[in-house]
Every structure is written in C-alpha cells, then in structure tokens.
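This report refers to the structure that appears directly beneath it.
The values are calculated or read from the model by the stated rules, or taken from the named source; none is laboratory data. Note that the structure is a prediction, hence the values are computed from the model and not measured. All Cβ positions, glycine included, derive from the backbone under ideal geometry; neighbour counts span all protein chains shown. Note: accessible area is taken over every heavy atom of the protein model, side chains too, but ligands, DNA and RNA are not part of it. Shrake-Rupley method; radii C 1.70, N 1.55, O 1.52, S 1.80 Å.
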Amino acid sequence: MSAVTTRSRTARTPVPDRLCAEAVDLARAAAEEAAAPGVVGEHVAVVSEGDRVVTHFFECEEPGYRGWRWAVTVARASRAKNVTLDETVLLPGSDAILAPEWVPWSERLRPGDMGPGDLLPTEADDLRLEPGYTGEEEPPPNSAVSEVSQEMADLVDAEDAELTTRPATTSRGSISAVAEELGMRRARVLSRYGLHTAADRWDEAFGAKTPMAQAAPASCVTCAFLVPLAGSLKQAFGVCANEFGPADGHVVSLSYGCGGHSEAAVMPKPPKPAPHALDTMQVDEYPLRPARDSGSVPAEPDGPTEDLGHS
C-alpha cells in the first residue's frame, strides 16, 4: 500500500533531476545571453517539469519589469551526463506588473479622440441607427414603372452589348431613386435609441442641473440667442448663438441658462429718489440791511421833537 502511494506522488510531482538542478551556471549564462549582463538577478527557484527536465528561475533586474522572472529550462537525455539548454523566456511572477486587459478600439474611443483624416466606421447593426426607408428594392412586377424600367434596361443592354462592365446606376422606379427624388438621400437615420442617448449626453453637459444653469437669471427657452432645432428634438433642445456665452455653438437644453441671457443685458431704469423733507437745493436771499417795515420802531417819527438841550 505504501509503495502504491509513493508511486502516485512521484507521478504527480517528479523529483528534480540532480544534474539538471545543479546546472545553475548554465541557466544563468543562457539568461544573460538572452537579456544582458547585470539584468539577471539572483536564482530564486527550481521547478521540475518532467523526467530530466528542470526550469531555473532568476529575478529580473530590468527597470519596468518588477516581479518578472527569467525562466531557463534545461534537459538531459536518458543515461547522458551532459545537460543541454531547452528554452529561455521572461515570465511574470505573482506580483508582476502586467499590462491592462486589451479592450477593443470601439470601446476605448472617447469624444474628442478623432483627428483630421481619421475614419470612424459604423457597424451594420449599430443600435443608434435605423434604415431611412424600407421596402423591396424593385417595384411590383405589374407596375408601369417596372415595365418602363425593364424596357429601358433592354435597350441599354442592346446598345452597349460590347461593354463588359458599366458603373452601377440607380434604376428609375427603385426605392432608392424615389427616396432621392423626395429628398430622403440618407440610407440610415437616427433611431429612437440614438436620439435618447444623444439627448442624455447633451442634457448632462448643458442642462438644468449644471452649476451655470443654477445661477442663471433665466432659462434658454426665453433667450433670443437660442436657435431651435428641427424635428422632435426642437421640443427640448436648441443651439446657442451667443459668442460670449459658455455654450456658443453647442446644443443646449431649453432649461439651461447662463449669464449671457439676452434679457439679462437690458438694464432696468434707476429708481426715482424720494422727495427731500427739507429743501436744501433752493437759495435763500438774506439782505444786508433789514427792511424799513420789518421792525417794531416806525421809520418816521410821530411828530416834531423838542430840543432836550443836548449838545
């Protein structure tokens, strides 16, 4: 029973080959040849990979590779005394600095990342878009337009039979041709999901909950600088046309506002001051001599006075 247990443990974790485990100098020389002298650090571990196959691990002293280890695998043939080199590779340890998980470009793209000449393709099943017009490309077989189109196509084929290829043109009566005549040249338009996501994005940037709108004297719905949008978005959004405003040229919510409101620039009339209780603005005239009739002594004597004999 003990012999069976010993064999099972040996099969799971083989004992490292003695000659391979002692070939530390050979493994270090191989690591320094792959890296550079001074980059390979101390010998940290020996791991048995199988019968007469051992991997030696050395610390990596290269800047920027903290926690990485140089792994050098050596092997020995059966009944041979020489140890040979198998492979050398740099592997991350348990505490190694690793690059972040790869994310597709469509998920890494952020607003403002596109530059001149960049192309941003949209997927065929993009949830933000939906077909601008639907229906079969060809008109019904019994329609007059279909017969005329077929006759014209037969004439063209007969006249240009020697041509092998012709540029693809929109046939008269097709759905795309009718849509182009009606001004519906866009093959896809914004879906309801695309409208909602755009509205949420615009409201977050220039909406009623922003600090600028909270301190504004009035909302954009009463501002003369607001240019309304067309379609269903005109009920909640517009474009700011105030060059001095913080949202000039941006789509703003009707509940947004700023200090550049058109009516905020109209200065109110100054209040009329209350009349003075004491008139201090009028000049009073004060004569140097009192008037003759202003005193209690008459200006003329009552009668002839007698000489009192004073000199």
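Numbers at a glance
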{"item": "Number of the condition not met by LEU233 [criteria: (1) over 24 Å from the mean Cα position of the chain (by Cα); (2) at pLDDT below 90; (3) within 30 Å of VAL189 (Cα to Cα)]", "result": "(1)"}
{"item": "Qualifying residue in the range 46-65 (condition: open to solvent by 50 Å² or more (accessible area, probe 1.4 Å) and touching a residue at least 60 places away in the same chain (Cβ under 8 Å))", "result": "no"}
{"item": "One residue from LEU233, LEU190 being open to solvent by 70 Å² or more (accessible area, probe 1.4 Å) and within 27 Å of PRO131 (Cβ to Cβ)", "result": "LEU190"}
{"item": "Total residues in the range 212-221, condition modelled with pLDDT under 90 and open to solvent by 40 Å² or more (accessible area, probe 1.4 Å)", "result": "2"}
{"item": "Residue list for the range 89-133, restricted to those being surrounded by fewer than 10 Cβ atoms within 10 Å (Cβ to Cβ) and acidic (Asp, Glu)", "result": "ASP95, GLU101, GLU107, ASP118, GLU123, ASP125"}
